[in-house]
Structure formats: C-alpha cells, structure tokens
Amino acid sequence: METQAVAIAVNNRASVFEALVERTFREQNTFQGFEGTIESVLRVHFSRMSAQNHVWKRETFRDLLLMFYAKKCYTVLRNPAYIEVLANISAFGNKTVRDITSWKKDSLTAEGQLSSIIRHCFAQFEVPAFMENAFGDESKVQMLWYIQLGRGDSVQQLSAFPVAFTKRMAHEFRSTIRDCSIPKAIRRAQALGYNATVNRADAIAWSTLSDSFENEAFYSTVVQFMANVTDDVTFDKLQGVLEFIASEKAASAAYSMKGRTWGALVRQSAEWHIQMAKKREAEGFSEWKLAPISNYVVDEGDCVIKIVQLTTSLALYEEGCEMSHCVADYDVDCAEGINAIFSVRRFTKGETAFETLATLEVFLRGMEIVEAKGRFNEMICETSHQIIREWALRERLALCYDFITSAQMAAMQAAVPAFPGVGNEQEIQLNNYARALEERPAYRNTNDSSGWDTKTICMIIFIAVKILIAFSRCSN
C-alpha cells in the first residue's frame, strides 16, 4: 500500500509539471518578467517564441522540458540559467542531427546533462567542448558556429567569424580548453598563430582585446605586434598600453602599429595615463563666479594681511588641508551662490609663502559672516578679528560668528571663583553675550571633532556664573 501511495504521489507531481508545460505551450503568452517561479521562467521563454511562425521552436522547447522531467533531470529544471540553455537549443530545433527524444541520460550532473544534449542534438562530428559555452550565452551566431562545426565545417568556414584564421590558428582554436570563453579562445588562437608564447597568448586572451572584434583589420596587427614583443610584458603594462592604443586609434583613424616599439609604447602609455588622471581630476573640479564682495589688504609694515576670496574647489581643498577643517565641503554651496569663502592670510614682505590666519564663511543672502575659524576650527585671534571688522564695515557685512575678546574671557574666568562679590555689571555683560549667541542665525554646525564648539563652552560658563550669582544672593 505504501509503495502504491508513493507511486500515486510521483504520478501526481509529474502530472502537475506536464500540465504546466502544456498549458504555457498552448497559451498566447504575453511577455512578462521573471517572478521567482519556474512557471514565470517558462512563460518568459515561451513568450519569445512565436505561436504562428517557427512553431518548431516552441515544440522543441516543450519536448525538451518534458523529456528532462521524464528522465529525472530535476536540477536542470530548477535553475533558470539551465532552462535558458534548453531554450537556446530550441532556437535551432530545425537543425538537429538526431531525434531529441532518443537522447539518453549519461551524466548525474546538470552541466554534464546539458553538454550531452547539446552534442546529441548538433554534433555529428567532434566539436571542441568549450564551444558548448555558446548555449549559455546570448550570442546566436556563436551557437550557429557550434552547429556548423558539428556538421563538419572548418573553422575558416564559420559564418560571420570575426578573425581571418590561418590553419595553425584554426588548429589552436580547436585545442582550446573547456573553461575558456569563445572570444578569449579566438584571441588566444590568433596570438599563438602569430608565434606568441603560451603565457603571452593567455595574457592577450584575458586583455581588453577580447572585449570586442570591431575594427579587426587594425587590431589583428596589434595582436601580432604584442605576440612578437621579446621583452618581459606584465599584464598590467599590457592592459595600459592597449588602453593607450585604443585611445590613439579613436582619435586618429590613420594610427597604425607600423614602426612602433614596445619601449616607446610603454613610455607614451605612462604619459597618457598621467594626463588622463589629471583630466579625471579636472572633471571633478569646479569653479564659480566671484561674489560681489571685494578682497581686503592691510599693510602692517613688515607684513601684509590679505582677505582673499576662494573661487575653486581646489582652493577650498588646499585651505582645508592647511587649516585642518572641512571647508572643502562647501564647494557646492559656493558654486550655487549660497556662500562665499574667504581666507585671511599674512604675507611676510619679500617672501612668496603666506600663513593662513582664518577661514571665513559669508552667507550671501544676508551678507553675514557666519563663520570665522582658525586652525582646527579654533577661535580666531584678536588681530584677525579686528581686520575682519574693518573689512566687514567697508563691505557692509554683519558679524555673526562666535568671538570673545581676551578681556571678556578674563572677566568670565574671574567671575567663577569670586561668586560672593559678583556685581550687576558682569551679569549684564554675560546676559548681553548670551543674547547675542541666541540671536546669531543658525546656518551650519561646525565640524569640530571634539564635539564642543565655542558657543557651547560659553553657554556652559554663562549658566555656571548665573547659578553662582543666585547662590550669592541667597546667602546675602
């Protein structure tokens, strides 16, 4: 009874799959995407096969699916990539050399079963095993090459073959190992035919030369040149030179390999790659118009202090590196006209170098200096602050950045230990400073890695002093 129940269950499963295949075969399938089910995979492939023209494609695909299920090749039928191989075989269902249903399962692996069915369908004569890879790809012409070789055609007779092979090249092509792709096999055989060593031929096969066979009349000369280079050629140098050659050929149709030497190509390639690196860097380079704010110059006798506007991303980057802050991140805002960045610099007379004292951020809509930072985002010195005030007055800019004079700082420090005697004057001064901090327009958070900016520190000091004042009044 148990044996009978198992047999019924197996028959039911088979009936379900057979019904699925027959149903998708007969339906007028409309194209749909893969939905994660075997049914959707079958519908995708059947929808690509006309139900009116070339009906043999649909019939061959149906027969292959049912036969693989009947022969318990379940791994093939569970994998969409393997099912695609069956669909590709079906595309040439009118060119089979044997009846599909006479195929005998002779392998326990899915890959072995697919190789076997390809040979059964199309190989009347021996075909290199690597050519079976064509049916796992999208190139129908490469699948046709397999079929042509299988019926006895030579490599030189293959339709639309991209390279003019010699007999030796054809021999090397047929001798290619199984795991090689067809484009790589073509380049490898071509290089060997030009007397390349095996290692050089392998390098050429894995290079960018296998990516395309366009302009083959020229690139055949490139393969021949590379095959006969006697110097040691590392793969990275080979790739670099090939990229350079491709660029030169694209720029000038007259470019040829005649008269070239490997040493010269290596030097030219190195120079070209340096220029390309500079070009790529320049593509990320941005420059913007000057904001309507003038620079400023102060002559202090032995030195000159200048406030200069920075108008390129490179200038911001160099400023950020010099001052160890994040001003380089402001390039987009500057380019969009939201901000302008200025650098306060001290030039010693007779020297070209300068010392950067401060970096300024001007919010253009409000014409406000919202940031003034020294090195490591520290507060600027009083000298810089005084010069910035003079410049701001001339340019009608509001000072909205954090700054405390040494006198103010001393007053606050003195107020902390002397809380019994704190007077109204200090309290008024602190209240005014706190109000100034609150009224300052919030624009950007500073990028101080310590997490404690000047505003935070001052507010803490202010609150502490207020508490001490309260205690003092209570004690009185």
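Each reported figure results from applying straightforward, stated rules to the coordinates on display, with no laboratory input. In this text the structure is predicted, and so the values were computed from the model without any measurement. Don't worry about glycine lacking a Cβ; one is built from the backbone with ideal geometry, like all the others, and counts go over all protein chains shown.
Once you list every other residue whose beta carbon is under 15 Å from the beta carbon of residue 52, what net charge do they have if Lys and Arg are +1 and Asp and Glu are -1? Counting the neighbours of residue 52, the net charge comes to +2. For residue 211 and residue 324, the FRET efficiency from 1/(1 + (r/R0)^6), where r spans their Cβ atoms and R0 equals 41 Å, is about 0.35. Going by neighbour counts of Cβ atoms within 10 Å, the residues 180, 121, 326 line up, fewest first, as 326, 180, 121. Each of 135, 285 was scored by other Cβ atoms within 10 Å of its Cβ. Arranged with the fewest first, they read 285, 135.
In terms of the Cα gyration tensor, with a ≥ b ≥ c the square roots of its eigenvalues, is region 296-403 rounded because a/c is under 1.5, prolate because a/b exceeds b/c, or oblate? Oblate is the answer for region 296-403, as a/c is 1.5 or above yet b/c matches or exceeds a/b.
Taking 7 Å steps out from each Cα toward its Cβ at residue 18 and residue 178 produces label points 3.4 nm apart. Here the extension length gained between residue 218 and residue 289 equals 20.9 nm, from 0.36 nm per residue of separation less the Cα-Cα distance. Here's the picture: a label point sits 7 Å out from the Cα of residue 50 along the beta-carbon direction, and within region 142-157 nothing has its amide nitrogen under 18 Å of it. The magnitude of the dipole of region 217-352, with charges of +1 and -1 set on the Cβ of Lys/Arg and Asp/Glu and taken from the Cα centre, is near 700 debye.
Charging the Cβ of each Asp and Glu at -1 and of each Lys and Arg at +1, and nothing else, the dipole of region 296-403 about its Cα centre rounds to 280 debye. Suppose the chain between residue 270 and residue 256 were pulled fully straight at 0.36 nm per residue; how much longer would it get relative to their current alpha carbon spacing? Stretched out fully, the residue 270 to residue 256 stretch lengthens by 3.2 nm.
Legend: calculated FRET efficiency, residue 79 to residue 356, from the Cβ-Cβ distance at R0 = 56 Å, rounded to 0.05, equals 0.30. Report note on the peptides 382-394, 336-348: ranked by the mean count of other C-beta atoms within 10 Å, highest first, their order is 336-348, 382-394. Counting beta carbons within 10 Å around each of 404, 177 and listing the fewest first gives the order 177, 404.
Projected label points at residue 393 and residue 197, each 7 Å from Cα along the beta carbon direction, are separated by 7.9 nanometres.
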